[in-house]
Amino acid sequence: MGRCKKQPKKSYSQQQLFSAIQTVRNGASQFASAKKFGIPRSTLFNKITGKTLLGKKPGPATVLLPEEEQTIENWVFGLAVRGFPVTKRQLLRSIQFYLNINKRKTIFKNNIPGRKWYDSFRARHPLISEKLSQNLTVRRAAVSANAIRAWHAEIVKYCEEHSLMDALKDPERVFNMDEKGFILTPNNEVVLVKRGDKAVYNRSKNDEKECVTALLGGSASGKMTPPMIIHSYKRMPSAVLANNPAKWSVGISDNGWQTQQTFHDYITNIFYKWLLEEKVPLPVLLFIDGHKSHVSLTLSDFCASHHIELIALHPNSTHLTQPMDVGVFKPLNTSWTNQAKDWRIANQYAKIEKKDVAPILEKAIEAINYGEHLKNAFKKSGIFPFNVDNIDLS
């Protein structure tokens, strides 16, 4: 008897494989996708489940497709131009976030690429170079007037090259937002006591350092964006949700501070939908500081496709150029302290629970002219009108 002939090996391109995987992720069956794109069913199964890695080359470099790696390189360069230099840790965490949000299983522990993958990635993308950042002393961190003027000129040039000047000149399309912590224990204040008493204590059931973070912002026209309160919970208690004002949002992180996940969720699920509801013309400019929690590969892709232009404020100058820091947070913090004290008096000096934070903060915002503070802050920080001469550079 003759030997059985060996079946010829199916030939397919990386693009065919990638398209088949995307089709399955969009709801098609593996059988139909394999047949449509000419991919062996076992191969498609192994790639989707992570049993074998994507790409032609062996080893850790094949987890992401060449097209995806090129997108990452473009993201790194694009953020650098807008003032968001990407660190190694930020790159790896962004890839983890990208893999998780797309429900990709890989050989990476917790989906975070390791040193070998990073070294291989650098070798495949020689245009990406490492540069050691420096910790600035107080003297070196002092921002010069020339540096801020140069930053202003760069932003104008960028807006001209990307057809964004109309947005830069429209107060409804220029935004700033930042997070702020609110202490749950009010500061010490003058109290009335019997003459001669030396030690006076203001009793509080809250830890004096306990705080809750809120993401706050608005436009140069004075319109407040929906606030987001960030809590350190694994699962949000129903009481917190019930007390949240209408159109406000909540976020969860391990330490109660903003993360790539919370900022991504806010921009994609809250801010963008709010822009559409308010009929704000697109594109819009969102000025934010360059903190690593603000940018990720996934968020950059979303913003690019939804006409939200992220622009980094000049490093170490947010006390001069960030509207929320320049003219909103100080009066709001004073109002928060007063409202927290009034709440404690009205509730027999009870402990301020996290469920109470949003209602108190809402009253604190209502107690100040938030819109006027916003407009004045945008002008004083030189963001709107976009005029460096409005900044106190002394």
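Checked against (1) buried (at least 20 other Cβ atoms within 10 Å of the Cβ); (2) within 25 Å of the chain's Cα centre (by Cα); (3) part of a helix (DSSP H, G or I), Asn333 passes all but condition (1). Being aliphatic (A, V, I, L, M), exposed (fewer than 13 other Cβ atoms within 10 Å of the Cβ), over 12 Å from the mean Cα position of the chain (by Cα) and under 26 Å from Glu172 (Cα atoms) is a description that applies to Ala246. Selection of region 364-394 for residues being touching a strand residue (DSSP E or B) at 6+ places or on another chain (Cβ under 6 Å) and open to solvent by 30 Å² or more (accessible area, probe 1.4 Å) yields only Phe384.
Listed here are the residues, each with its yes/no results for (1) open to solvent by 20 Å² or more (accessible area, probe 1.4 Å); (2) closer than 17 Å to Cys303 by Cα; (3) not basic (Lys, Arg).
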| site | (1), (2), (3) |
| --- | --- |
| Phe84 | no, yes, yes |
| Gln90 | no, no, yes |
| Ile101 | yes, yes, yes |
| Gly114 | yes, no, yes |
| Arg122 | yes, no, no |
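Please verify whether Asn333 is under 30 Å from Asp356 (Cβ atoms) and either at pLDDT below 90 or among the β-branched types (Val, Ile, Thr) (or both), treating the condition exactly as stated. It is false that Asn333 is under 30 Å from Asp356 (Cβ atoms) and either at pLDDT below 90 or among the β-branched types (Val, Ile, Thr) (or both). Cβ-Cβ contacts under 6 Å between residues 6 or more apart (or on different chains), taken from a first residue in region 88-112 that is in contact (Cβ under 8 Å) with a residue 60 or more places away in the chain to a second residue that is β-branched (Val, Ile, Thr) and assigned to a helix (DSSP H, G or I), are listed as Phe97/Thr298; Tyr98/Thr298; Ile101/Thr298.
Residues that are buried (at least 21 other Cβ atoms within 10 Å of the Cβ) and of a type outside the set (Val, Ile, Thr) were ranked within region 287-299; the one that is farthest from Asp392 (Cα to Cα) is Leu297.
I'm checking my understanding of the structure. Among residues of region 28-55 that are under 18 Å from Phe108 (Cα atoms) and either at pLDDT 85 or above or outside any helix (DSSP H, G or I) (or both), which one is most open to solvent (accessible area, probe 1.4 Å)? It comes out as Lys51. Screening Ile95 with (1) more than 29 Å from Asn316 (Cβ to Cβ); (2) assigned to a helix (DSSP H, G or I) gives one miss only, at (1). The residues in region 336-359 that are in a helix (DSSP H, G or I) and open to solvent by 60 Å² or more (accessible area, probe 1.4 Å) can be counted, and the count is 5. Counting residues in region 226-233 that are modelled with pLDDT under 90, farther than 24 Å from Gln322 by Cα, part of a loop (DSSP other than H, G, I, E, B) and in contact with a Phe, Trp or Tyr (Cβ under 9 Å, 6 or more places away or on another chain) gives one or more.
Here's the yes/no breakdown for (1) under 19 Å from Ser120 (Cβ atoms); (2) at pLDDT 80 or above; (3) of a type in the set (A, V, I, L, M):
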residue	(1), (2), (3)
Cys4	no, no, no
Pro58	yes, no, no
Thr62	yes, no, no
Leu65	yes, yes, yes
Thr71	yes, yes, no
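Per the listing Val295, Val284, Val326, the residue uniquely of a type in the set (A, V, I, L, M) and over 20 Å from the mean Cα position of the chain (by Cα) is Val326. What residue, among those in region 309-330 that are buried (at least 20 other Cβ atoms within 10 Å of the Cβ) and part of a loop (DSSP other than H, G, I, E, B), is modelled with the highest pLDDT? That would be Gln322.
All told, Asp254 meets the bar of being open to solvent by 40 Å² or more (accessible area, probe 1.4 Å), at pLDDT below 90 and not basic (Lys, Arg).
What pairs come up if the first residue lies in region 117-128 and is in contact (Cβ under 8 Å) with a residue 24 or more places away in the chain, the second is assigned to a loop (DSSP other than H, G, I, E, B), and their beta carbons are under 7 Å apart, counting only those six or more places apart or on different chains? Between residues of region 117-128 that are in contact (Cβ under 8 Å) with a residue 24 or more places away in the chain and residues that are assigned to a loop (DSSP other than H, G, I, E, B), the close pairs are Trp117/Val63; Ser120/Gly59.
Scanning region 15-27 for residues being surrounded by 14 or more Cβ atoms within 10 Å (Cβ to Cβ), in contact (Cβ under 8 Å) with a residue 24 or more places away in the chain and not aromatic (Phe, Trp, Tyr) gives a total of 4. Residues that are in a helix (DSSP H, G or I) and surrounded by 13 or more Cβ atoms within 10 Å (Cβ to Cβ) within region 151-164 comprise Trp151, His152, Glu154, Ile155, Val156, Tyr158, Cys159, listed in sequence order.
The values are calculated or read from the model by the stated rules, or taken from the named source; none is laboratory data. In this text the structure is predicted, and so the values were computed from the model without any measurement. Cβ coordinates were reconstructed from backbone atoms using ideal geometry, including for glycine residues, and neighbour counts include every protein chain displayed. Only protein heavy atoms, including side chains, enter the accessible area calculation; ligands, DNA and RNA are left aside. Shrake-Rupley method; radii C 1.70, N 1.55, O 1.52, S 1.80 Å.
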